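Asker: Let me begin by handing over the structure; questions about it come next.
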Amino acid sequence: MLTGIVSDHGGFALKEEIKKHFPDINWKDYGCFSEESVDYPDMAKYLAKGILSNEISRGIAICGTGIGISIALNRFNHIRAALCHDIVTAEMARKHNDANILSIGGRILDNEKAFAIISTFFTTEFEGGRHQRRVEKLETMG
């Protein structure tokens, strides 16, 4: 299965480093493709549509801080984008929230920390149980 990745100009450099660092992941790159200014809501839409069409099952979204792109992504039904700054939040995003998109800040994280967060996000499974009903409630909101 493909894994989606998207960024705005503030996350472009980190996006490219992530793809190099994780060569075994089959990436679907939704852009952007340079450091030329683009709007994060537009970029978020490409990744959200990839998940909603089942082209990808999970993704990574990167803007300068990770905040704007996560806000944009979470406006879509069935998207659970989690803004994470460390491995603990990445682990909990998967275990308790079944997050399907990891949002990070290209201007906030150094490469090594970003790689550790991504590894944690992709190797942590959703616990289900009492968390399942909460995720189900998210699906009926809005």
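Asker: What ³J(HN,Hα) values, in whole Hz, does the Karplus curve 6.51 cos²θ - 1.76 cosθ + 1.60 give for the range 35-52 when θ = phi - 60°, with x put for Gly and Pro?
Answerer: With coefficients 6.51, -1.76 and 1.60, one gets 8, 5, 4, 9, 9, 4, x, 5, 5, 4, 4, 4, 5, 4, 5, x, 5, 5 Hz.
Asker: Taking the Cα centre of the chain as origin, work out the dipole magnitude from +1 charges on Lys and Arg Cβ and -1 charges on Asp and Glu Cβ, in debye rounded to 20. Mind showing how you got there, number by number?
Answerer: Details: 17 positive and 19 negative charges, 110 e Å.
The calculated dipole for the chain is roughly 520 debye.
Asker: Could you tally the net charge around S7, taking each other residue with its Cβ under 15 Å from the Cβ of S7, Lys/Arg +1 and Asp/Glu -1? Mind dumping the intermediate values first?
Answerer: Values: positive: K15, K19, K20, K28, K45, R107; negative: D8, E16, E17, D29, E35, E36, D39, D42.
Combined, the nearby Lys, Arg, Asp and Glu give -2.
Asker: By how many degrees, between 0 and 90 and to the nearest 10, does the Cα long axis of helix 12-21 differ from the longest principal axis of the chain?
Answerer: With rounding to tens, the tilt is 70 degrees.
Asker: Let me have the relative contact order for the chain, percent, based on Cα pairs under 8 Å that are six or more residues apart. All intermediate terms of the calculation are to be shown ahead of the outcome.
Answerer: Working: 276 pairs, mean separation 34.2, N = 142.
Computed over the chain, the figure is 24 percent.
Asker: Right, here's the next one. Taking Cα atoms, how many degrees apart are the long axis of helix 130-139 and the longest axis of the chain, rounded to 10 and kept between 0 and 90?
Answerer: Orientation of helix 130-139: about 70 degrees from the principal axis.
Asker: Tell me which residues come under 5 Å, amide H to amide H, from S103 once H is placed; ignore anything under 5 positions away on its chain.
Answerer: Under 5 Å from the amide H of S103: A61, A82, L83, C84.
Asker: What number results when the radius of gyration of the chain, computed over Cα atoms, is divided by 2.2 N^0.38 Å? Intermediate values should be presented prior to the final figure.
Answerer: Details: Rg = 13.9 Å, N = 142, 2.2 N^0.38 = 14.5 Å.
Ratio of Cα Rg to 2.2 N^0.38 Å: 0.96.
Asker: I need the phi-derived Karplus couplings for the range 79-95: 6.51 cos²θ - 1.76 cosθ + 1.60, θ = phi - 60°, integer Hz, Gly and Pro marked x.
Answerer: The phi angles translate into 9, 10, 8, 10, 7, 10, 10, 7, 6, 5, 5, 5, 5, 5, 4, 7, 4 Hz.
Asker: Mind ordering 111-121, 2-12, 74-84, 127-137 by average Cβ neighbours within 10 Å, highest first? Show your work: numbers first, answer last.
Answerer: Values: 111-121: 17.6, 2-12: 23.7, 74-84: 19.3, 127-137: 11.0.
Per-residue Cβ counts within 10 Å, averaged per peptide and sorted highest first, yield 2-12, 74-84, 111-121, 127-137.
Asker: What number do you get for the range 54-128 when its Cα radius of gyration is normalised by 2.2 N^0.38 Å, N = residues?
Answerer: Numbers: Rg = 11.4 Å, N = 75, 2.2 N^0.38 = 11.3 Å.
That works out to 1.00 for the range 54-128.
Asker: Cβ under 10 Å from T124's Cβ, T124 left aside: what net charge do those residues give with Lys, Arg +1 and Asp, Glu -1?
Answerer: On the way: positive: R94, K95; negative: E91, E125, E127.
In short, -1.
Asker: Another question, if that's okay. Would you work out which of W27, L138, I104 lies farthest towards the positive end of the dipole of the chain, given +1 charges on the beta-carbon of Lys and Arg and -1 on that of Asp and Glu, about the Cα centre?
Answerer: Among W27, L138, I104, the one farthest towards the positive end of the dipole of the chain is L138.
Since every read-out is calculated from the coordinates, none of them should be taken as a lab result. As the structure is a prediction and not an experimental result, all values here were calculated from the model. In this analysis, Cβ positions are derived from the backbone assuming ideal geometry, glycine residues included, and neighbour counts consider all displayed protein chains.
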